[in-house]
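The values are calculated or read from the model by the stated rules, or taken from the named source; none is laboratory data. Computed from a prediction, not measured in an experiment: that's the story for all the values here. Here the Cβ positions follow ideal geometry from the backbone for every residue, glycine too, while neighbour counts run over all protein chains shown. Quick note on the areas: whole protein, heavy atoms, side chains included, nothing else; ligands and nucleic acids left out. Shrake-Rupley method; radii C 1.70, N 1.55, O 1.52, S 1.80 Å.
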Amino acid sequence: MKTYLVTGGAGFIGSNYIHYMFKKYKDIKIVNLDKLTYAGNPENLKEFENNENYVFIKEDICNAEAVNKIFQEYDIDRVVHFAAESHVDRSIKNPEIFVQTNVIGTTVLLNAARNAWEQEDGTYKEGKKFLHVSTDEVYGSLEEDGTFFYETTPYSPHSPYSASKASSDMLVKAYIDTYKFPANITNCSNNYGPYQFRRN
Ligand SMILES: NC(=O)c1ccc[n+]([C@@H]2O[C@H](COP(=O)([O-])OP(=O)(O)OC[C@H]3O[C@@H](n4cnc5c(N)ncnc54)[C@H](O)[C@@H]3O)[C@@H](O)[C@H]2O)c1
């Protein structure tokens, strides 16, 4: 049975992901690490409360001691890292918390996963993977001329939100290059749907 550490699983996309995964796979365990900021809603996952393969941990991803403890307690196979301060307008009013959660928090998670997964010879335990969920906003804005962003498009963040996500992407890329850390990054565009936080 694979064990997933999902961060930010009480938020919009994270909770949809947990619903999707439990529907698709019967034999997985999910540990959901979420601080429950204004954006996190445990009601999104109420139906899993009594599921013995679901564990909820209310904690801040910036708390290195707590995050390391999770890796000691559970044999985590996959990290799916959604947790973030994610609303652009809030980042303009209060950039510091975006740097704290999105940059420092991501680094804490990378270090904890590396500590748990790296072997003495520098290789990693079989089957381990860290998925960093980022955004297309790291590439800036598109003109309305039908052009696209590509993975090779230069980063050009414009808000504190996108700058903090771009920083976290760079850290993940640096861990992949420097430590051969097993990670992937996704840069999806905007989503909407069930469990989305209502801003007004
Ligand atoms: N929503 C979109 O359209 C969109 C588009 C592209 C990328 N993304 C990315 O997807 C991810 C999820 O986005 P979302 O819209 O679901 O976000 P969201 O704001 O709805 O949820 C974020 C979750 O993270 C938790 N969280 C925040 N700070 C935390 C911390 N310090 N420690 C632990 N948990 C914390 C919150 O409680 C919340 O449950 C983000 O990384 C975001 O950058 C979102």
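Values as computed for the structure displayed
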| read-out | value |
| --- | --- |
| Only one of Thr107, Thr123, Thr147, Thr178 that is modelled with pLDDT of 95 or more, polar (S, T, N, Q), out of contact with any Asp or Glu (no Cβ under 9 Å at 6 or more places or on another chain) and farther than 26 Å from Ala66 by Cβ | Thr123 |
| Residues within region 150-200 that are in a loop (DSSP other than H, G, I, E, B), crowded, with 17+ Cβ neighbours inside 10 Å and free of Cβ contacts under 8 Å to residues at least 40 places away in the same chain, tallied | 1 |
| Tally, over region 91-102, of residues that are of a type in the set (A, V, I, L, M, F, W, C) and within 11 Å of the ligand (Cβ to nearest atom) | 2 |
| Residue in region 117-134 that is crowded, with 16+ Cβ neighbours inside 10 Å, part of a helix (DSSP H, G or I) and away from the ligand (no atom under 12 Å from the Cβ) present | yes |
| Whichever residue in region 28-56 is in a strand (DSSP E or B) and within 15 Å of the chain's Cα centre (by Cα) and, among such residues, is nearest to Arg198 (Cα to Cα) | Asp34 |
| Subset tally (residues that are under 14 Å from the mean Cα position of the chain (by Cα) and among the polar types (S, T, N, Q)) for region 83-99 | 1 |
| Candidates Leu36, Leu5, filtered to the one that is away from the ligand (no atom under 11 Å from the Cβ) and either aliphatic (A, V, I, L, M) or under 21 Å from Val99 (Cβ atoms) (or both) | Leu5 |
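Conditions (1) open to solvent by less than 20 Å² (accessible area, probe 1.4 Å); (2) farther than 17 Å from Ile70 by Cα; (3) modelled with pLDDT of 95 or more; (4) of a type outside the set (Ser, Thr, Tyr), marked per residue:
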{"site": "Lys23", "(1), (2), (3), (4)": "no, yes, yes, yes"}
{"site": "Asp27", "(1), (2), (3), (4)": "no, yes, yes, yes"}
{"site": "Asn32", "(1), (2), (3), (4)": "yes, no, yes, yes"}
{"site": "Thr37", "(1), (2), (3), (4)": "no, yes, yes, no"}
{"site": "Lys58", "(1), (2), (3), (4)": "no, no, yes, yes"}
